[in-house]
Amino acid sequence: MTTRHGLIFLILILAASLIAAVIIFVGGITNFAETSDETSDAQLRNRRYAAKPEVIREFLSENIPGISTYGRRWRLISTTATDANLLTVIKAEVPVVIFTDDLELRLQAQAETTIVSIRSASRIGQGDWGENRRHILQVLELLDREFAQNGNR
């Protein structure tokens, strides 16, 4: 390698390191994503649907195994409801190449509606390059198509 090529290579390595450090210190890399009522990301806001938790639970139980990432199907792990169906927790595993992410959906009954909150987290590593956010958006798109009516989100 010539001196010129070595200098270019060194500059590229330094630039990549600087970009990675900025992203990490600014908080741009995480290994999870979650919905919230307070998030500035409108796509990741909790949803409110005019349906009972048991209806949404049944829909998700039937449809989660049909979702796939990189050609591999998601796995429904458990569905747990409280006695009065006020809170239902659904857990699933999402295969990502050679890793597995954990997905948790919480269905909270409130009056005549259900509030849906979702968290997706990588089991290992410090960053996911937006993969967990994409998992959540896949589920929300499915739910919005089925349950969102006249802006009921």
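Please treat every number below as a calculation from the coordinates, not as lab data. Remember, predicted model here, so these are calculated numbers, not experimental data. Reconstructed Cβ throughout: ideal geometry from the backbone, glycine too, with neighbour counts over all protein chains shown.
Here are a few things to note about the model shown:
- Surface/4 of the Cα convex hull for the chain, nm²: 12.0 nm²
- Computed lengthening from Ile29 to Arg145, 0.36 nm per intervening residue step minus Cα-Cα distance: 38.8 nm
- Distance between the 7 Å Cα→Cβ label points at Thr39 and Ile13: 3.8 nm.
- Gaussian network model of the chain, springs between alpha carbon atoms under 10 Å - residue of Asp37, Asp101, Asp128 with greatest fluctuation: Asp37
- Crossing angle, helix 131-147 versus the chain [Cα axis fit, 0-90 degrees, rounded to tens]: 30 degrees
- Listed by Cβ neighbour count within 10 Å, with the fewest neighbours leading, Glu34, Glu141 appear as Glu141, Glu34.
- Positive end of the dipole of the chain (Cβ unit charges, origin at the Cα centre): among Gly66, Phe9, Ser36, the Cα lying farthest that way belongs to Phe9.
- Over the range 31-147, Cα pairs under 8 Å with separation of 6+ residues give a relative contact order of 30 percent.
- Normalised by the number of residues in the range 52-101, the average gap of Cα pairs under 8 Å and 6 or more apart makes the relative contact order 32 percent.
- Local electrostatic count at Glu62 - Lys and Arg +1, Asp and Glu -1, tallied over other residues with Cβ under 15 Å: +1
- Where GluC sites (Glu not before Pro) fall in DSSP loop in the range 75-132, at most 12 other Cβ within 10 Å: Glu112
- Each DSSP beta bridge with both residues in the chain is either parallel or antiparallel, and the antiparallel ones are about 95%.
- Placing unit charges on the Cβ atoms only, positive for Lys and Arg and negative for Asp and Glu, gives the range 31-147 a dipole magnitude near 220 debye about its Cα centre.
- A cut-off under 12 angstrom between Cβ atoms defines the neighbours of Arg133, and their net charge, with Lys, Arg +1 and Asp, Glu -1, is -3.
- Förster radius 35 Å - calculated FRET efficiency between Glu54 and Ile98, Cβ distance, rounded to 0.05: 0.45
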